[in-house]
1. Which residues, counting only those in region 101-113, are of a type in the set (Gly, Ala, Ser) and modelled with pLDDT under 90?
2. Of the residues in region 199-239, how many are out of contact with any Lys or Arg (no Cβ under 7 Å at 6 or more places or on another chain), open to solvent by less than 20 Å² (accessible area, probe 1.4 Å) and either assigned to a strand (DSSP E or B) or not small (Gly, Ala, Ser) (or both)?
3. Need a quick list: strands (runs of 3 or more DSSP E) entirely within region 69-179 having at least 2 residues that are touching a Phe, Trp or Tyr at 6+ places or on another chain (Cβ under 9 Å) and either touching a residue at least 24 places away in the same chain (Cβ under 8 Å) or not small (Gly, Ala, Ser) (or both).
4. Give region 309-346 a look and list any residue that's aliphatic (A, V, I, L, M), under 16 Å from Ala294 (Cα atoms) and within 25 Å of the chain's Cα centre (by Cα), or say none.
5. Being part of a loop (DSSP other than H, G, I, E, B), hydroxyl-bearing (Ser, Thr, Tyr) and open to solvent by 50 Å² or more (accessible area, probe 1.4 Å), is that true of even one residue in region 309-325?
6. Checking the structure you have, find out if any residue of region 180-198 is touching a helix residue (DSSP H, G or I) at 6+ places or on another chain (Cβ under 7 Å) and outside any strand (DSSP E or B).
7. Residue pairs, Cβ under 9 Å, 6 or more apart or interchain, first in region 44-65 and within 21 Å of Gly88 (Cβ to Cβ), second assigned to a helix (DSSP H, G or I) and open to solvent by 100 Å² or more (accessible area, probe 1.4 Å). List them.
8. Out of all the residues in region 326-342, which are open to solvent by 50 Å² or more (accessible area, probe 1.4 Å), modelled with pLDDT of 90 or more and more than 12 Å from Ser359 (Cα to Cα)?
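The values are calculated or read from the model by the stated rules, or taken from the named source; none is laboratory data. Computed from a predicted structure; not experimentally measured. Cβ sites come from the backbone with ideal geometry, for glycine too, and all protein chains shown count toward neighbours. Surface accessibility is based on the protein's heavy atoms, side chains included, excluding ligands, DNA and RNA. Shrake-Rupley method; radii C 1.70, N 1.55, O 1.52, S 1.80 Å.
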Amino acid sequence: MFSNQYYNNNIMGLKINMGSTIALLLLLAYAANAQPGVFDIRKYGGKSNGDITQAVIKAWQGACQTAGRSKVVIPKGIYRMGAVTFSGPCKGRIEFQIQGTVQAPGGRGYFKSGSWVTFLRIDGFTLSGGGTFDGKGKSVWGTKSCSGIKYCGDLPISLRFDFISNGLIQGITSLDSKQFHINLLGCKNVTFQRVNIIAPGNSPNTDGIHLGRSSGIRILDTKIATGDDCVSIGDGSRDILVQRVTCGPGHGISIGSLGKYTNEEPVVGVKVLDCTMTNTQNGVRIKTWPNSFAGTASDLHFENLVMNNVDYPVLIDQSYCPWRQCKAQIPSKIKISDVSFKNIKGTANTKGAVKLICSKAVPCKNVKVTDIDIRYQGKDGPATFQCTNVNPTLGGKHNPPPCTVK
């Protein structure tokens, strides 16, 4: 037989254990609701219709020094923000959530560097929230001619991503950038998804997404309307996928330009799939400078594309020379190889539906063209399929008729 004291002691222990468990559960619930990893700019003095530069810098510093997951939040509203750099490395994965609209300073004199917003050296980064970065480009467009390269390059890029690894940029809008909307350098394994990029068709040098020296980049389900290349892929780019992108207005999706500078790195492994170009200057394009430094571009594939009223739907241009900055009579030294164009359909605004203009010094190698159907209704004759310094392998049906090699 057990004594009454035994029962009393065990019942008391059970009550203590149950009480401790309940207290622990309540503590965990409180901790979850308190969200200590959320850094809202309002906690640092950020207010709608005000300048949030210092508030967002303080919020970032707090989030970056937090172990585990953290989040910087710009809530709904309209804000002004000067040039800022959000630097890592951070102690944990970090999300920058922009729910409102952030506006850049208007004049170019506000920018000491070449960018407005820079994310630098971060591993495990997300930019999201459905908000807008308004670059206020209309305040500077047209003040000088963009034929001066120094002027175009002097304007700030809206969003720079430098040396970002394992990143996701989704559901944001870049509006009216002064120069490029988005620029990537030295990035690895970064995905852009459901991004909107908006600027007028006559806005100068406003590339949508430009990338260089980066690998494992995915640009998916994105809408780009701008005044220059919707996507431009520079030297050192490897393992790049552009898929389900709509482009227009703009200059199309381009690899290059390549060869202007010494020590450029090879471009290897680019896929452009399931995209639509509407009222663009070019469709898909590979462009290299004449009189170039040596280099290579290979394993480049363009497939399942729709062209709506595009000036030059399919283009290899190894004589790319804007603003007469080069010696066009000296051929390019960029070697292009292992390229395919497949299942490309639609309408052209000029008769030059397919133009494969390769270098005399290093002719294109292993170029395959399959199932092209591009119509042109102009008075100057039917659409043409031109080949220079390339002997493509042809497959499927072709409209216009395939080229005669020159």
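1. As a first pass, look at region 101-113 and keep what is of a type in the set (Gly, Ala, Ser): 104, 106-107, 109, 113.
Of everything in region 101-113, those that are of a type in the set (Gly, Ala, Ser) and modelled with pLDDT under 90 turn out to be Gly106, Gly107, Gly109, Ser113.
2. Looking only at that region, the number is 14.
3. On the way: elements: 70-74, 78-80, 84-87, 94-98, 101-103, 115-128, 132-134, 157-170, 173-175.
Answer list for region 69-179: 70-74, 84-87, 94-98, 101-103, 115-128, 157-170, 173-175.
4. Filtering region 309-346 for residues aliphatic (A, V, I, L, M) gives 310, 314-316, 328, 330, 334, 336, 339, 344.
Now narrow it down to the ones that are under 16 Å from Ala294 (Cα atoms): 328, 330, 334, 336.
Matches in region 309-346: Ile334, Ile336.
5. Taking region 309-325 as the starting set, the residues that turn out to be part of a loop (DSSP other than H, G, I, E, B) are 311, 318-321, 325.
From the residues that got through so far, the ones that are hydroxyl-bearing (Ser, Thr, Tyr) too are 319-320.
Right, trim to open to solvent by 50 Å² or more (accessible area, probe 1.4 Å) and you get 319.
Yes: one or more hits.
6. So the first thing to find is which residues in region 180-198 are touching a helix residue (DSSP H, G or I) at 6+ places or on another chain (Cβ under 7 Å), and the list is none.
For region 180-198, residues touching a helix residue (DSSP H, G or I) at 6+ places or on another chain (Cβ under 7 Å) and outside any strand (DSSP E or B): absent.
7. Going by the 9 Å Cβ cut-off, the qualifying pairs are Tyr44/Gln54; Tyr44/Lys58; Ala55/Arg42; Ala55/Lys43; Lys58/Lys43; Ala59/Lys43; Gly62/Lys43.
8. Asp338, Lys342
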